[in-house]
Amino acid sequence: MEECQRKKRILQMPYNYKYFVQHTNRMIADGYVPTEIDILYSYTPTIGLDGHTIRLGKIRYE
């Protein structure tokens, strides 16, 4: 983790990586259930929209 911290300008680590590194043992334990904080930290901002078109028969969804 220290090396990642030193190279964070090169690696572009997400803002929440420290939280997940600090809580790895709890999260990989048998029976792990995410806390509300775990869920909030799992959010990653997006930089744009990605559109898809789906066709089902003659119907087109965009």
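Only the coordinates and a few stated rules stand behind these numbers; no lab work does. Because the structure is predicted, anything quoted here is derived from the model rather than measured. So basically every Cβ, Gly included, is an ideal-geometry build from the backbone, and we count neighbours across all protein chains shown.
Quick notes
- By average C-beta atoms within 10 angstrom, highest first, the peptides 49-55, 26-32, 14-20, 38-44: 14-20, 38-44, 26-32, 49-55
- Over all projection directions, the Cα-based convex hull of segment 2-61 averages an area of 7.6 nm².
- Label point 7 Å beyond Cα of F20 along Cβ direction - residues of segment 27-62 with amide nitrogen under 13 Å: 27-28, 38-45
- Total charge dipole magnitude, segment 2-61, about the Cα centre, Cβ charges on Lys, Arg, Asp, Glu only, Debye to nearest 20: 420 debye
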